[in-house]
Amino acid sequence: MHECLGWSATEMARRIRAREVSSAEVVDAHIDRIAAVNPQLNAVVAERFEDARAEARAADARPSTTPLAGVPCTIKEFVAVRGMPHTGGIGIRRGVRATDDAPIVTRLRAAGAIVLGVTNAPEGGLWAETNNPVYGRTNNPHDLRRTSGGSSGGEGAIIAAGGSPFGIGSDTGGSIRIPSAFCGIAGHKPTGGMLPNTGHFPHAPALPIPIMTCGPMARRVEDLWPLLRITAGPDGVDPWVTEAPSMLDPAGVDLRDLTVFTAPVGRPEMVAAVARSADALVAAGARRGALPRAFTPYEGLDTWAAVLHASGIAYDEIVAERRVPLLWESLRWLAGRSHHAGGVLMILALQRYVPVGRKDGLRAAAMLTQALEDALGPNGVLLYPTFPRAAPRHRGMAVGNPFDTGCTALFNVTTSPVTVVRVGEDPAGMPIGLQVVGRRGADHLTLAAAAALERAFGGWTGPVTPHRGMGRLAELGRRVRA
């Protein structure tokens, strides 16, 4: 295994610029790694390896000062990459390919990045487990019997396994953060309105608040800030990104000015991880704060659902462009022949028949945002579990409390910046990734605190070799629809 598979993108770019290693060598090593692990993971669903090799040779032929000089990456299939599939994991979009790069991809290429391929996501992004009728299911490299999360689950899995140093995901209710936590890597959901969503399918909800955002996922926290700086800013199309954001460098944050708040949410191992992480930040100079009120997953998911309800989105139209016959498709699902994933059928049923999120969502979101920012103040961060437990078994996202995803949806409603960092593992050896939450515009604080936690606990542990459950489940995992 080439040593570059353990480097951050930042270190990789520095070594390529210094001619200590060639871009061609690095790209080949990652292509070989994808070839070795992807049959078990089903994370990269379409590749452009020969084009990537040609681009690497071209990068090596000229001196480069670009920040990502010849560094490979992967992109979530929802984000347009010219010539690559752009289906959104939706059956009726089979064969659709992107005709242009999304602005984020254009910016990464201009910075020297080389795209290796696109990665898997749930059908229409409507479920927190990566599975769809176009490409099948993605497995978690730490345990192939478990989910990699969603919706950026392909990114989480291939980065954790060493096949890509970084990637771009998108997040409407936790879709960057849940896979980052489940797979044990770093991820950042930026403040809403920093990065353009142009070129993303499904399209961002038409709302007066930017609850959806694209963002970076990487091996190391140190890569998130450079990637954010490269991709942020207006593109002249996205109505929410209208001016260059004020971006403060995390390197300038003095942890002695930081106040740390905690929320005891989830299983005992999650509560313990929060407490342990707060202790680590206090040991690094931060001070403790006490939340004046609880911010619960129930409140988060209920408000999030209400906000989406206000947008008038009909999920049927996303996945089928018509009203899905739920009873018939459910019967087909039981027979293994449905056109839709089981999680999507559940979401469609919830939207139609369960009175969740029927309050005044926008007003509730504004009140929740104000309450959170008043509690945190200008220099506060909140440590909050990404999910009440580590990655569950496949189909396990629907088992347990239906409000579990409120842990992440809460902070889409507030459009807060959130950085996820690995801080340990549960009794089964699965990664525990915590959210570091800040007030809007305080991305530098969450990134700085996450970097301190990574120094304390190690973060990503290196290329994960897919293991456990590699028998029949691994063989079936590529095409199971559930």
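Only the coordinates and a few stated rules stand behind these numbers; no lab work does. Computed from a predicted structure; not experimentally measured. Note that we place each Cβ from the backbone using ideal geometry, even for glycine, and neighbour counts take in every protein chain shown.
Ranked by how many other Cβ atoms sit within 10 Å of their own Cβ, fewest first, the residues TYR135, TYR353 fall in the order TYR353, TYR135.
Applying a length cut-off of 18 Å (Cα extent along the axis) and a mean Kyte-Doolittle floor of -0.5 to the DSSP H helices of the chain leaves 23-41, 268-283, 297-311, 361-376, 443-457.
Once fully extended, how much extra length lies between THR242 and ARG14, figured as 0.36 nm per residue of separation less the alpha-carbon to alpha-carbon distance?
On the way: separation 228, 0.36 × 228 = 82.08 nm, distance 3.22 nm.
Result for the pair: 78.9 nm of gain on full extension.
What does the extension gain come out to for ARG94 and ALA58, with contour length at 0.36 nm per residue minus their alpha carbon separation?
Values: separation 36, 0.36 × 36 = 12.96 nm, distance 3.25 nm.
So the extension gain works out to 9.7 nm.
Please work out whether region 134-184 counts as rounded, prolate or oblate from its C-alpha gyration tensor, where a ≥ b ≥ c are the square roots of the eigenvalues and a/c under 1.5 means rounded, while otherwise a/b larger than b/c means prolate and anything else oblate? Note, shape of region 134-184 comes out rounded. Reducing region 257-292 and region 173-236 to their Cα centroids gives an inter-centroid distance of 24 Å. With the cut-off at 1.5 for a/c, could you classify region 83-149 from its C-alpha gyration tensor as rounded, prolate or oblate? Since a/c reaches 1.5 but b/c is at least a/b, the shape of region 83-149 is classed as oblate. Using 0.36 nm per residue and subtracting the Cα-Cα separation, the extra length available between LEU331 and ALA349 on full extension is 5.1 nm. Computed about the Cα centre, the dipole magnitude for the chain is approximately 920 debye when only Lys and Arg (+1) and Asp and Glu (-1) carry charge, each at its Cβ.
In the chain, if the dipole is taken from +1 on Lys/Arg beta carbons and -1 on Asp/Glu beta carbons about the Cα centre, which of PRO292, ALA35, GLY438 is farthest to the positive end? Working it through, the farthest residue towards the positive pole turns out to be ALA35.
Distances between placed amide hydrogens fall under 5 Å for ILE432 paired with VAL423, GLY424, GLU425, ASP426, all partners being 5 or more residues away or on another chain. Among VAL105, VAL237, the ranking by other beta carbons within 10 Å of each residue's beta carbon, starting with the fewest, stands as VAL237, VAL105. Residue order for TRP240, TRP328, TRP225, TRP304, fewest other beta carbons within 10 angstrom first, comes to TRP328, TRP240, TRP225, TRP304. Kirkwood-type hydrodynamic radius, region 7-476: 21.8 Å, calculated from all non-identical alpha-carbon pairs.
Between ALA110 and THR296, the modelled label-to-label distance comes to 4.7 nm, taking each label 7 Å out from Cα in the direction of the beta carbon.
Bridge orientation summary for the chain: considering DSSP beta bridges with both residues in this region, about 70 percent are antiparallel.
The MET367 and ARG455 beta-carbon pair, evaluated with R₀ = 56 Å, returns a calculated FRET efficiency of approximately 0.95.
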